[in-house]
2 protein chains.
Amino acid sequence: MSDGHRSGCPINLSLEVLGDKWSLLIIRDMMFGNRRHFRALLTQSEEGIASNILADRIAKLSELGLITSAPDPSHKQRVRLSLTEPAIQLLPVMAHLGAWGRRHLPVSPDLAIRAQLLEEGGPALWDEFMDELRELHLGVARPAGTPSVLAALTAAYLAQKEGAPLP
Amino acid sequence: MSDGHRSGCPINLSLEVLGDKWSLLIIRDMMFGNRRHFRALLTQSEEGIASNILADRIAKLSELGLITSAPDPSHKQRVRLSLTEPAIQLLPVMAHLGAWGRRHLPVSPDLAIRAQLLEEGGPALWDEFMDELRELHLGVARPAGTPSVLAALTAAYLAQKEGAPLP
């Protein structure tokens, strides 16, 4: 194709954008770990991403309009990364990838609990979580007192990790 | 990790298996194009896959238990490829990738119509389509007279491609 894409098929175009494993893992860590800084993405990566790959993928994701960077409001010398609306809309893809992996691959229990809760919660929970991500990343406030899906997922993960009973 | 995986996170493991772009495109063509032979996957590929990459990815997908090959019942010298149950269960991931691409990327109308119909049909349609794929690939018969989702998607694609009105 003259515009440089392999084809205009929506699955192919999505894979051209997301087909790099590290790119989706960075988005995952920003979504589920609320990691907003280069250092947190580097040092807390379960998969041990290399700093040159992380820098390269952040640049690519920025070019693609999936993440933005701006001075951190609480720490002007630091850059804080945010997901954009298109990136937030990848949550259902993540939920399905997690559900599929949990069913067919040798997952770790502590790292699989969030995928399980997302699968059980279904599209209604995904919508709530996307609204929370819009608040965290885009500044779109939700009504006061709206419960945090991220906090619930994180609590379940920590409880599982420590072998503590779930609340 | 000692078992050779980057981490036991279900999203990471799914990406280790599927993170190669060509692998998911081969599964896409087997699902939506009902391409069951090496030659069809090679010559009808919208994205122009190279034959060495196709051979390599078919071998990888076989090792991973996502496709099987067996002599073609109608043509014993030919090998026919089939999707396995885990591969069939990737349909919701495909549907979401297609929906996301259609919304955010410069898709071709003829190649996007099936993604649109899958999105509009939602999980109920995906379940029907997965049952049809189980019939086509695993020999699990459906009740006689069950309508074909694949035929409906293919008809919509051809109508869009030829600029004909949809039925």
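Quick notes on this structure:
- Residue, nearest to the other protein chains (Cβ to nearest Cβ), within segment A:72-111, restricted to residues that are acidic (Asp, Glu) and more than 23 Å from B:GLY122 (Cβ to Cβ): A:ASP110
- Flag for A:GLU128 being within 16 Å of B:ILE11 (Cβ to Cβ) and either touching a strand residue (DSSP E or B) at 6+ places or on another chain (Cβ under 6 Å) or acidic (Asp, Glu) (or both): no
- Some residue of segment B:66-85 being surrounded by 13 or more Cβ atoms within 10 Å (Cβ to Cβ), of a type in the set (A, V, I, L, M) and assigned to a loop (DSSP other than H, G, I, E, B): yes
- Some residue of segment B:157-165 being part of a loop (DSSP other than H, G, I, E, B) and modelled with pLDDT of 95 or more: no
- Being among the basic types (Lys, Arg) and under 15 Å from A:ASN12 (Cβ atoms) holds for only one residue in B:ARG114, B:ARG142, and it is B:ARG114.
- Any hit, segment B:52-61, residues being in contact with a Leu (Cβ under 6 Å, 6 or more places away or on another chain), more than 10 Å from chain A (Cβ to nearest Cβ) and in a loop (DSSP other than H, G, I, E, B): no
- Taken together, B:SER2, B:SER45, B:SER23, B:SER14 contain a single residue that is of a type in the set (S, T, N, Q), under 20 Å from A:SER14 (Cα atoms) and at pLDDT below 90, which is B:SER45.
- Residue in segment B:42-49 that is on the phi < 0 side of the Ramachandran plot, part of a helix (DSSP H, G or I) and within 9 Å of another protein chain (Cβ to nearest Cβ) present: no
- Of the residues making up segment B:1-28, those that are surrounded by fewer than 21 Cβ atoms within 10 Å (Cβ to Cβ), more than 8 Å from chain A (Cβ to nearest Cβ) and not hydrophobic (A, V, I, L, M, F, W, C) number 2.
- When B:ARG35 is tested against (1) more than 9 Å from chain A (Cβ to nearest Cβ); (2) charged (D, E, K, R); (3) over 24 Å from B:THR154 (Cα atoms); (4) out of contact with any strand residue (DSSP E or B) (no Cβ under 6 Å at 6 or more places or on another chain), only condition (3) is not met.
- Checking segment B:129-151 against the condition returns no match, with no residue being closer than 28 Å to A:LEU64 by Cα, in contact (Cβ under 8 Å) with a residue 60 or more places away in the chain and outside the structural domain of B:PRO73 (by TED's automatic domain parsing).
- Failed condition for B:ARG114, given (1) within 14 Å of chain A (Cβ to nearest Cβ); (2) within 16 Å of the chain's Cα centre (by Cα); (3) surrounded by fewer than 15 Cβ atoms within 10 Å (Cβ to Cβ): (3)
- Contacts under 7 angstrom Cβ, first residue in segment B:13-32 being over 20 Å from A:LEU24 (Cα atoms), partner among the hydroxyl-bearing types (Ser, Thr, Tyr), 6 or more apart: B:ASP29/B:SER45
- For segment A:13-30, a tally of residues being within 30 Å of B:SER108 (Cα to Cα) and either outside any helix (DSSP H, G or I) or under 9 Å from the mean Cα position of the chain (by Cα) (or both) returns 7.
The values are calculated or read from the model by the stated rules, or taken from the named source; none is laboratory data. This is a predicted model, so every value here is computed, not measured. Because the Cβ atoms are built from the backbone with ideal geometry, glycine has one as well, and the counts that use them run over all protein chains shown.
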